[in-house]
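Visitor: First the structure, which I've put down as structure tokens, then a few questions once you've had a look.
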Amino acid sequence: MSSRPPSTRRWRQVRSNPKIAMGAAILLFFGLVIAANPLLWATVWKGQERLYDPVIGYDHMIVHPSAPSATHWLGTDSLGRDVTSMFTLAARSSVAVAVAAALASGAVSLVLGSLAAYHRRWVDAVVTHMSDAMVLLPALLAVWIVGVGRPDETFGAVQVGAVFGLVYGLGPATAAVRAAGLVVMAKPFVEAARLVGAGGYWTMSRHLLPHLMPHAAVQAMIGVTGAIVAEAFLNFRSAVGGGIGFGYLVYEGLTWQEMLAGLRDIPWWVLGTGTLGITLLAAAFYLVGIGLREVFDSRAVQQRRVVSRAVG
Amino acid sequence: MRSPPDLRRRPTSDIQGRRVPWVVAFLARRLAWAVITLAIYLTAVFFFVQWWVPIDFSSQFALGGGQADAAARFGLDRPLPERYAEYMGGLLTGDLGQSFSGPPVSEMIADAAPVTILVFAVGAVIAYVVGELLGRVAAWRRGTALGSVVSVLGVVSATVFPPFLVFLLVRYLRQPMVSLRRFLGLPTDSLVIWRDSPFEPSEVLGLVALSLLAAVVAGLLVRAYAHRHRLRWLAFAAFPANLAAAVGALFAAGVGAEAIDLLYRVDYTTSIGSGSPVLVLLGVVLLSFGQVLFMMRVGIEDESDEYYVLSARAKGLTEREVRDVHVARNALIPTLAASFLALPTLLAGMVIVEFELEVDGLSSVFFDAVEVQDIPVMMGVLVVLGLLGIGLRLATDLTIAHLDPRQRRAAV
């Protein structure tokens, strides 16, 4: 047994987990991409709105869509817009969706899961039945219902993420966090705390919540994966809002090849940046999620048994 | 000294003094739970839809009259609780209400639901089996090249953009599928196939789904038999052989050409590859096996440290036997339980693929309804999806109880 306190040991496991490291590296890359947008506007693209504007930019000198070149690092789409400019802008909205979804789902599942695990009886019954029911509602459909017909200003990336996170948080995330909470409540230290007279607030804030944080984080990360794909799909179909996102880039690439029925090559620089943007960002969160699950869930045999009983 | 309970004996249960098999008692309890859960789901969805869809939408259905007229026609001017009571009452009698555009919702859904339900149910089962088998490999070959490749596949499956997957399938399956038809001497044009066929597409789809399901179940049974009798080659060949048998059966039944057409439609009047329900099934499997893979992997890694694994190895069993006979079986139960939490992701993936492939299923009904904000139709689709989810959950619970005697005892 290690002499270090468990939190340090866990932290070391988190840092040395290759999946979490890979996910973090991809997230760092997206951070740089987002930061690149204002930087490029301040330096390389300064005063060249007509060339690099993500919505109305157009380069009169070349035929579009054009492959990557020195002026257009990731090429241009069929309407002559610079893909680099669109990509860096799209990254911002996708990350906003991800953060909003993670926060919403994490907060909801943490509060409901810990309340249900602590109070049991009717609170638990209500929460369990509700999460069982909400698992049946795909968050994508909920976001679509809410988002259709609402303009981008009132229902943008943050709102899409929040609604997705809320629905996902009420369903699968709460179910998983509650199951983990039951395990924590059965641990000897909770009983010891009760014996020395700890109240509900103390037990929840000192024992339950710290132990449930990683489980809520795992669920939030896996939920975010779905949120990114869902937002990209709604953006792809221009169903919700009309902003420039990764989904829109995929749409641009696909319609171009469909329009010409394979007469010309697919503009991979448009299609590829869009689809890679979605998959890389989603994979970053997914990797962090399954990495965290490996660190905090595995080898906890007792815990898993209770989970299977609680979920099944 | 008390002897330990015999877990191999199937327990029975008393219902009103009569002894019944555990399945009956278990299902009775779970059905009661399912009804309550479904009621909560429907209530939540009803108020969610009514609350969020802006009320002024009804003006687009106003024929001549104003918005108030349209709202009155659809009963939207009445108080919400009254509408709720009416809707839930209607549901009890199987009445899903009337679409704002006229026809009854149940009619619109009855045409579209069978395709979606078949594709999703069979797709979910196959995705589970594929994910579970690959999860074993990923966990057992941890750190090797094969393990890494399988893990990367899992991540890609869970994060790929579904419309992009559809694009890849449609574009790159085209040439092989056309060549296959030529090779088998079948007409390449879908219209010719269906013109000469005595079958309806829905009938053939039912046959295809059934035979695929039968192939998977038979594959699992043969694998179990092969493991028991230590026939490695048989365990290896179980799935390919059964799949081949299923395809052979389809051809023997005279629906081979139609089945191939359902996998990939080559119709020169519409866009190529669209309207292929079996391709949707393939898409569902590709999109969802990754989630199961990682659940199974965590399950196996948890079990690997148990003492029974040590004793199985000490007994001299091969690594494969330790993995498949001992570890995987125990890991299966938590994986099954957790896999239900992936249901919304699975459903969302299927909805996207079905919509993108232009199959006339629930997705297109739903999306058309959302575009024009036709509330009763939206609700109708969500009701069917809820029923589908609950059905899948009951099947999962039953399987878990079948695998785990403790669950069975807890249930009865």
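Visitor: For the stretch B:137-213 and the stretch B:291-322, write down the distance between their C-alpha centroids in whole Å.
Guide: 32
Visitor: Could you list B:294, B:47 in order of exposure, starting from the residue whose Cβ has the fewest other Cβ atoms within 10 Å?
Guide: Values: B:294 29, B:47 13.
Sorted ascending by nearby Cβ count, the order is B:47, B:294.
Visitor: Here's a follow-up. What is chain B's relative contact order, in percent, from Cα pairs under 8 angstrom and six or more apart in sequence?
Guide: Working: 439 pairs, mean separation 107.7, N = 412.
Answer for chain B is 26 percent.
Visitor: Here is a follow-up. Taking the Cβ of residue B:105 as the center, what net charge do the other residues with Cβ under 10 Å away carry, scoring Lys and Arg +1 and Asp and Glu -1? Kindly include the intermediate steps, with their values, before the conclusion.
Guide: Working: positive: none; negative: B:95, B:107, B:374.
After counting each charged neighbour, the total is -3.
Visitor: Also: Sort A:207, A:72, A:64, B:229 so that the residue with the fewest other Cβ atoms within 10 Å of its own Cβ comes first and the one with the most comes last. Intermediate results must be reported in sequence, preceding the final value.
Guide: Working: A:207 21, A:72 25, A:64 16, B:229 9.
Least to most surrounded, the residues fall as B:229, A:64, A:207, A:72.
Visitor: Follow-up question, since we're still on this one. What order do you get for A:94, A:78, A:205, B:211 when you list them from fewest to most C-beta neighbours inside 10 Å?
Guide: Details: A:94 26, A:78 17, A:205 11, B:211 22.
Ascending number of Cβ neighbours within 10 Å: A:205, A:78, B:211, A:94.
Visitor: If the elastic network links every pair of Cα atoms under 10 Å, which of A:266, A:26, A:290 fluctuates the most in the Gaussian network model of chain A?
Guide: A:266
Visitor: Follow-up. Tell me, rounded to the nearest percent, the portion of alpha carbon pairs in the protein assembly as shown spaced more than 36 Å apart.
Guide: 47
Visitor: Moving to a separate point now. Relative to the compact-globule scaling 2.2 N^0.38 Å, provide the ratio for the alpha-carbon radius of gyration of chain B. Please report the intermediate quantities before stating the final value.
Guide: On the way: Rg = 24.6 Å, N = 412, 2.2 N^0.38 = 21.7 Å.
Here the answer is 1.14, to two decimals.
Visitor: Within 10 Å of each Cβ in B:39-49, how many Cβ atoms from other chains are there, averaged over the peptide? Please list the in-between numbers first.
Guide: Values: counts 2, 8, 9, 2, 1, 7, 7, 0, 0, 5, 3.
The per-residue average across the peptide is 4.
Visitor: Also, I was wondering about something else. Once you have the alpha carbon radius of gyration of the stretch A:48-192, what is it after dividing by 2.2 N^0.38 Å, with N set to its residue count?
Guide: On the way: Rg = 22.8 Å, N = 145, 2.2 N^0.38 = 14.6 Å.
Normalised by 2.2 N^0.38 Å, the Cα Rg of the stretch A:48-192 equals 1.56.
Visitor: In peptide A:278-288, how many Cβ atoms from other protein chains are near each Cβ within 10 Å, on average? Mind dumping the intermediate values first?
Guide: Details: counts 6, 7, 1, 1, 5, 6, 1, 1, 8, 4, 0.
Mean partner-chain Cβ count within 10 Å for A:278-288: 4.
Visitor: Moving to a separate point now. Gap in Å between the Cα centre of the stretch B:344-412 and the Cα centre of the stretch A:110-147?
Guide: 17
Visitor: Related question: Can you tell me the order of A:118-124, A:135-141, B:128-134, B:398-404 when each peptide is scored by its average per-residue count of other Cβ atoms within 10 angstrom, highest first?
Guide: On the way: A:118-124: 13.4, A:135-141: 25.7, B:128-134: 22.3, B:398-404: 18.1.
Packing proxy ranking, top to bottom: A:135-141, B:128-134, B:398-404, A:118-124.
Visitor: Any idea what the relative contact order of the stretch A:19-311 is, in percent, if you count C-alpha pairs under 8 Å spaced at least 6 apart?
Guide: Details: 497 pairs, mean separation 71.4, N = 293.
Result for the stretch A:19-311 is 24 percent.
Visitor: Is it possible to state the helix-based mean residue ellipticity at 222 nm for chain A, with each DSSP H run of 4+ residues giving -39500 (n - 2.57), the sum divided by total residues, to the nearest 500 deg cm²/dmol? What is it? Can you show the working numbers first?
Guide: Working: 13 runs with 215 residues, N = 312.
Only helices count here, giving -23000 deg cm²/dmol.
Visitor: Can you give the mean number of other chain Cβ atoms that lie within 10 Å of the Cβ atoms in peptide A:144-155?
Guide: 4
Quick note: the coordinates plus some simple rules give every number you see, no bench work behind them. Small disclaimer: the values here were computed from a predicted structure and weren't measured. Backbone-built Cβ (ideal geometry, glycine too); neighbour counts: all protein chains shown.
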